[in-house]
Amino acid sequence: MCTALVVGNMIGSGVFLLPASLAPFGGVSMIGWLLTAAGAICLALVFARLAAILPKEGGPYAYIHEAFGGFAGFWIAWGYWIALWAGNAALAVAATSYMQVFFPVLGHDNLLAGVFAISLIWIVTWINSRGARSSGLVAVTTTLLKLLPLAAVTFIGFFHMQPDNIVFNPHDKPLLSSVSATMALTLWAFLGLESASVPAGDVIAPEKTIPRATVLGTLIATVLYILSTVVLMGLMPPAMLAASQAPFADAAKLMWGDWGYYLVGFGAIVSCFGALNGWSLMQAHVPAAAAHDGLFPRRFAQMNRQGVPIFGLVLSSGLVTVLMAMKYAGGDGGVKIFEFIILLATATTLLPYAFCSMALLAIMLMRPQQFQRKDYLAPLCFAGVGFAYSVWALYGSGADIVMWGMILLLLGLPVYVWQVKERYADPS
């Protein structure tokens, strides 16, 4: 279930469109994929080692709180929580868009599309409210269902490839700038690799299960990403692939006809739903972990009979609903606001990666009795690479997004001050 959570959260809606975005770069994109994959695998090793040392609920928040103290923990939990529920809005919109394959009316009726998207949010909220096992079973089922069409197109498509379609640098662009551009495109595909560490309180033997699931899930997604990109480039000429609105569906149609197109369209919907389920689980557990430490309002730690932090789950879904209403009822202005918030949320999820890379080294240095000098060599290597990768990714987000991300974090300061007041007013 933990592995399915990692794979399901990483493989959301983006993978179904990414090959078309990479098509203009041709074979150069493979260099970008490999460099980005190396950074992501190093981050996966960081989270694996952190989960083994400190198997606590909250994932990135718990590690940063342990290493850098209460304020840093709050700061990251605040930004990460907002990024989680705002990102869920993007997944609901993507699922609604893919549903147009079967119900074209959703592309023309904003009200109907909004009702459908909001319904998805509350369906996954209900699933997660029934406990970790319920959301875990959905994660396993949807991950298998989404991997089947992707794997079928990838592995069967290998035998239909036309090697002449694959050109190393079709537009003769400068190599360095092309590699940087493909890295910027591919890095978003790896968000979510930390997912297994968040619900640690509900995991059996978390010190063993979470590290294995994190590394295995990241490797599965990496292999599928790279192989599928190569195969689709071999199946379609560069210009055709670059113009495709649904590259996997178009590839399936080339091989199998209309039924293949609809099969992959269904897989895309399941993919979005599965990722939405996994990220909804996280939007409840991150603030709950902070509330247990007295850094978020106590109500976020409130559990229902199934042991689910229900207040945080319902509040987060309510905020997603507001964002959905803004998107579907706000006209062009509402859409622009929505897109900006999603871009900001995506950049904000990268901050915990940089912090956690250094948190691993800090926690090890804080426990000198547990580690010998030789134990630091490997963590120093992959934590250093993970930190550099995270900083580069934030730089690639653009100056405006980084500035607004800082403002978003600063808006959490009054909440932190309020929690300080509460702790001193009631030391218990």
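Considering the conditions (1) modelled with pLDDT of 80 or more; (2) open to solvent by less than 10 Å² (accessible area, probe 1.4 Å); (3) farther than 25 Å from Ile76 by Cβ, Gly334 is excluded by exactly one of them, (1). Scanning the range 401-421 for residues that are farther than 15 Å from Ile76 by Cβ and either β-branched (Val, Ile, Thr) or loosely packed, with under 12 Cβ neighbours inside 10 Å (or both) turns up Ile401, Val402, Met403, Ile407, Pro414, Val417, Trp418, Val420, Lys421. Within the range 195-235, being surrounded by fewer than 24 Cβ atoms within 10 Å (Cβ to Cβ) and in contact with an Asp or Glu (Cβ under 7 Å, 6 or more places away or on another chain) holds for Ala200, Gly201.
Considering only the range 49-57, I want to know if a residue exists there that is open to solvent by less than 20 Å² (accessible area, probe 1.4 Å), out of contact with any Ser or Thr (no Cβ under 6 Å at 6 or more places or on another chain) and not in a helix (DSSP H, G or I). There is at least one residue in the range 49-57 that is open to solvent by less than 20 Å² (accessible area, probe 1.4 Å), out of contact with any Ser or Thr (no Cβ under 6 Å at 6 or more places or on another chain) and not in a helix (DSSP H, G or I).
If you go through the range 354-366 and keep only what is touching a residue at least 60 places away in the same chain (Cβ under 8 Å) and open to solvent by 30 Å² or more (accessible area, probe 1.4 Å), you end up with Phe355, Met358, Met366.
If you scan the range 58-75, which residues turn out to be surrounded by fewer than 21 Cβ atoms within 10 Å (Cβ to Cβ) and part of a loop (DSSP other than H, G, I, E, B)?
So in the range 58-75, the residues surrounded by fewer than 21 Cβ atoms within 10 Å (Cβ to Cβ) come out as 66, 68-72.
Selection gives Gly69 alone.
Filtered by the rule that a residue be in contact (Cβ under 8 Å) with a residue 60 or more places away in the chain and not small (Gly, Ala, Ser), the range 111-125 gives Leu111, Ile118, Leu120, Ile121, Trp122, Val124, Thr125. The set of residues in the range 243-262 being hydrophobic (A, V, I, L, M, F, W, C), part of a helix (DSSP H, G or I) and surrounded by 18 or more Cβ atoms within 10 Å (Cβ to Cβ) consists of Phe248, Ala249, Ala251, Ala252. Scanning the range 1-39 for residues that are open to solvent by 10 Å² or more (accessible area, probe 1.4 Å), more than 24 Å from Ser178 (Cβ to Cβ) and β-branched (Val, Ile, Thr) gives a single hit, Thr3. Reported count of residues in the range 140-165, each being over 27 Å from Ala275 (Cα atoms) and of a type in the set (A, V, I, L, M), is 1.
The values are calculated or read from the model by the stated rules, or taken from the named source; none is laboratory data. Since this is a predicted model, take the numbers as computed values, not measurements. No Cβ is skipped: glycine too gets one built from the backbone with ideal geometry, and neighbour counts run over all protein chains shown. Accessible surface areas use protein heavy atoms only, side chains included; no ligands, DNA or RNA. Shrake-Rupley method; radii C 1.70, N 1.55, O 1.52, S 1.80 Å.
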